[in-house]
Amino acid sequence: MGHRKRHAPKHGSLAYLPRGRARSLIGRTRFWPEFKGETRLLGFAGYKVGMTHTFAVEDNPRSPQQGKEVFLPVTVLDTPPLIVCGVRAYTQTTEGIRCLSEVWAENLPKDLGRAFTPPENTEGSLEGLERDVNRVSELRVIVCTQPRLTYLPKKKPELFEIKVGGGNVQAQLDYVKEILGKAVKPSEVFREGEYVDVSAVSKGKGVQGVVKRWGVHLLPHKSRKKVRGIGTLGPWTPSRVMYTVPRSGQTGLFQRIQYNKRVIRIGEKGDEVTPKGGFLNYGVLRGGYMLLEGSVPGPAKRLIKLRQPARPPSMESTTSPRITFVKV
């Protein structure tokens, strides 16, 4: 029986068109899930360090490897504490949520001036939020990163919002009062064994052809004019190039979200997972870190945003994985 030609003209989803470069290297969080646990922040952020591998005891009851030692590839994130610089209160309107007021901490980090001009006076206050608590539908904190605590050659912090979840609005307001102007560690947001959603901007690859961008097959070597191209631009009718035809263009530097990445470990001493000489393209871990199962988008040093899972798995583990070995 002869070889049958595999029909695979194109790969890649058309749902992401147009494939243009991301406006910012900081991933956007467009959705925050409902959280019914204890009051805490629903997200965090860290810098991608690289990948390594671990061995852990499989604790999934549905897995045929349950109770056995299994190999796990993990991504290492450098997670210095986030500084809670302010709080924003949102109210529900007919056109969606709108900012009601915002309150900034008294002692803001000095490096925050590198990102923007900090406000001298704000309209709202914590006492004002107490009075208007009935109008508040959502509370978010304004946090900034601390790149000085990492091995990164940068001082300018990133600034973004994180929603406060759990309990009612009054409980969330009490929680915000405690953390305003203070540092929040990843262990206060996530637990080992939980699942998180990862949002990041992928590695940029510049302008590429259709073979690398869409995965089309190479034409036969006797083809006319080209090999790494497409056979046709489409039919005569309609008399235009359809959007479904693979074309060359920007590849990479896209924002992508990956769902349900399990937190393998949250540690305080980075030297526990740092190899001799440091990580390639990053360096040495100086402080806290996180290990996530699998890979995440982006190159080393890219900011990776984490949040509570929007669609968690049906069987979530309530125990932290038992790690037997980490390659350093």
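Laboratory data are not the source of any read-out in this text; all were calculated from the coordinates shown. Keep in mind it's a predicted model, so treat the numbers as computed, not measured. Every residue, glycine as well, gets a Cβ built from its backbone with ideal geometry; the counts of neighbours run over all protein chains shown.
Worth a mention:
- For region 191-328, the spread of Cα positions along each principal axis, largest first, Å: 62, 40, 24
- Longest to shortest principal axis, alpha-carbon extents of region 81-184, angstrom: 44, 27, 26
- Size-normalised alpha-carbon gyration radius of region 132-180, reference 2.2 N^0.38 Å: 1.50
- Proxy reagent accessibility, fewest Cβ within 10 Å first, across 120, 69: 120, 69
- Cubic angstrom per residue, convex hull over Cα atoms of region 123-232: 267 Å³
- Sparsely packed trypsin sites (Lys or Arg not before Pro) within region 272-320, loop by DSSP, other Cβ within 10 Å at most 11: 276
- Surrounding net charge for residue 12, when Lys and Arg each add one and Asp and Glu each subtract one, Cβ distance under 10 Å: +3
- Relative to the 2.2 N^0.38 Å rule of thumb, the chain has a C-alpha radius of gyration ratio of 1.19.
- Note on region 52-126 and region 190-254: Cα centroid distance 33 Å, given to the nearest whole angstrom.
- Residue among 221, 11, 53 with the largest mean-square fluctuation in a Gaussian network model of the chain, springs linking Cα atoms under 10 Å: 221
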